[in-house]
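The values are calculated or read from the model by the stated rules, or taken from the named source; none is laboratory data. These numbers come from a predicted model, not from an experiment. Neighbour counts run over all protein chains shown; Cβ positions are idealised from the backbone, glycine included. When the accessible area is computed, the model is the full protein with side chains, heavy atoms only, and any ligands, DNA or RNA have been set aside. Shrake-Rupley method; radii C 1.70, N 1.55, O 1.52, S 1.80 Å.
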Amino acid sequence: MQRTRRLRRTPALRALAAETVIRKEGLVYPVFVRWGENVREEVPSMPGVYRYSVDRLAEVVDAVLAAGIGGVMLFGIPEHKDERGSGAYDENGIVPQAVRAIRAHCRARGREMVVIADICLCEYTSHGHCGVLEGGEVANDASLSLHAMSALAAVRAGADMVAPSSMMDGVVAAIRTALDDAGYPHVPIMAYSAKFASAFYGPFRDAADSAPQTGDRRGYQMDVRNGREALRELAIDEAEGADILMVKPALAYLDIVRAARERTLLPIAVYNVSGEYAMVKAAAAQGMIDERRIVEEILTAFFRAGADIVITYHALDWAKNGGNV
Ligand code: PBG
């Protein structure tokens with residue numbers, strides 16, 4: 001008889017036959033950096049996640065180094081917003097300042113981590129959209145050079161990688177050209193390629209103060225119903241020169257991750273977004289679930305589906321406690 005239970009009988013046999021590991025070097029912790037001094041404030045809708053001022057970043061950097069996870073992804077919350085999101089491409093803006101501070105701190109510790117800068121305008125525009133507006137619509141091509149300038153500002157400050165998240169058409173090519181022309185041909189781009197217009201981003205928009213003032217993002221982010229179109233997005237970004245392709249959100253989109261894995265040779269990242277995190281935290285706080293086992297199961301599922309890199313607010317907690325299922 002076929003007996004699949006033979007390899008499940010003891011923990012040692014199960015460990016021997018396990019197909020998937022959570023690679024902690026493949027985990028990325030998102031970090032919110034805000035203006036001001038001596039600030040560390042919890043995001044109300046994301047228990048355990050904080051917004052740090054630049055002078056308090058060392059605390060989270062040390063935690064990331066101690067946990068041994070791959071790196072951080074930075075989101076900036078500027079003091080002032082305007083129509084054109086100028087804080088996003090200010091060479092002395094919040095993200096460039098944060099990158100310099102993290103670099104200096106790592107140098108002082110003699111340690112290294114990957115610093116990724118999220119590139120988008122929505123945290124910096126007064127209207128909260130991911131590009132500039134023309135006639136009430138997000139103008140694609142007019143927004144591209146601003147994204148390229150933003151990427152350059154982050155890279156000049158020392159970012160290892162940039163991750164454009166606005167879903168503007170052509171943004172990967174625009175950033176690639178700008179980086180190459182400025183002498184940064186070696187800096188990789190992680191493209192938010194298949195980013196869906198999702199309700200799972202709700203808590204993030206509280207954290208980053210980036211909710212659109214009017215309308216929504218369905219005119220540029222992907223329609224939740226479209227799987228084939230997601231594969232087109234991934235192929236386009238690959239052709240434009242992306243080095244890593246991302247699928248976002250994660251949990252409800254593992255079909256896309258699997259399909260992507262079967263089509264591309266590039267590394268694939270998934271973004272386990274704020275609403276996914278908030279649901280786990282809320283249920284755990286109510287005593288409804290076992291948080292640690294749930295998080296392990298979720299992270300395992302991402303790697304099993306074919307992700308190489310997982311961006312997750314659970315990264316620190318999980319890696320601190322270490323180990324596998
Ligand atoms: C910025 C951006 C968003 C997220 C990452 N980059 C929000 C959005 O598109 O509204 C969401 C991350 C999360 O929910 O954790 N464009």
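Residues are listed down the side, and each one gets a yes or a no for (1) part of a strand (DSSP E or B); (2) open to solvent by 30 Å² or more (accessible area, probe 1.4 Å); (3) of a type outside the set (S, T, N, Q):
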| site | (1), (2), (3) |
| --- | --- |
| 169 | no, yes, yes |
| 173 | no, yes, yes |
| 194 | yes, no, yes |
| 203 | no, no, yes |
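Does residue 279 meet the test of being closer than 18 Å to residue 27 by Cα and of a type in the set (A, V, I, L, M)? Walk me through it before giving the result.
Numbers: closer than 18 Å to residue 27 by Cα: no; of a type in the set (A, V, I, L, M): yes.
So residue 279 does not fit the description; no.
Out of 91, 112, which single residue is away from the ligand (no atom under 16 Å from the Cβ), more than 15 Å from the chain's Cα centre (by Cα), more than 30 Å from residue 305 (Cα to Cα) and open to solvent by 20 Å² or more (accessible area, probe 1.4 Å)? Explain how you work it out, then say what you get.
Values: 112 fails: more than 30 Å from residue 305 (Cα to Cα).
Within the list 91, 112, the selection yields 91.
Being assigned to a loop (DSSP other than H, G, I, E, B), in contact with a strand residue (DSSP E or B) (Cβ under 9 Å, 6 or more places away or on another chain) and not aromatic (Phe, Trp, Tyr) narrows it down to one of 84, 51, 56, so name that one.
84
For region 134-142, does any single residue satisfy the condition of being open to solvent by less than 30 Å² (accessible area, probe 1.4 Å), outside any helix (DSSP H, G or I) and farther than 30 Å from residue 45 by Cα? Working first, answer last.
Applying the first criterion (open to solvent by less than 30 Å² (accessible area, probe 1.4 Å)) to region 134-142 yields 139.
So of that shortlist, the ones also outside any helix (DSSP H, G or I) come out as 139.
Next cut, farther than 30 Å from residue 45 by Cα only: 139.
Looking for residues that are open to solvent by less than 30 Å² (accessible area, probe 1.4 Å), outside any helix (DSSP H, G or I) and farther than 30 Å from residue 45 by Cα, one finds at least one in region 134-142, hence yes.
Across region 282-321, what is the number of residues that are in contact with a helix residue (DSSP H, G or I) (Cβ under 8 Å, 6 or more places away or on another chain), buried (at least 16 other Cβ atoms within 10 Å of the Cβ) and of a type in the set (S, T, N, Q)?
Going through region 282-321 one residue at a time, the tally reaches 1.
Take residue 198 and tell me if it is among the polar types (S, T, N, Q), in contact (Cβ under 8 Å) with a residue 60 or more places away in the chain, farther than 18 Å from residue 83 by Cα and open to solvent by less than 30 Å² (accessible area, probe 1.4 Å).
Values: among the polar types (S, T, N, Q): yes; in contact (Cβ under 8 Å) with a residue 60 or more places away in the chain: yes; farther than 18 Å from residue 83 by Cα: yes; open to solvent by less than 30 Å² (accessible area, probe 1.4 Å): yes.
It is true that residue 198 is among the polar types (S, T, N, Q), in contact (Cβ under 8 Å) with a residue 60 or more places away in the chain, farther than 18 Å from residue 83 by Cα and open to solvent by less than 30 Å² (accessible area, probe 1.4 Å).
Given the structure, is residue 161 in contact with an Asp or Glu (Cβ under 9 Å, 6 or more places away or on another chain), open to solvent by less than 20 Å² (accessible area, probe 1.4 Å) and modelled with pLDDT of 95 or more? Break it down into steps so the answer makes sense when it comes.
Numbers: in contact with an Asp or Glu (Cβ under 9 Å, 6 or more places away or on another chain): yes; open to solvent by less than 20 Å² (accessible area, probe 1.4 Å): no; modelled with pLDDT of 95 or more: yes.
No: the conditions fail for residue 161.
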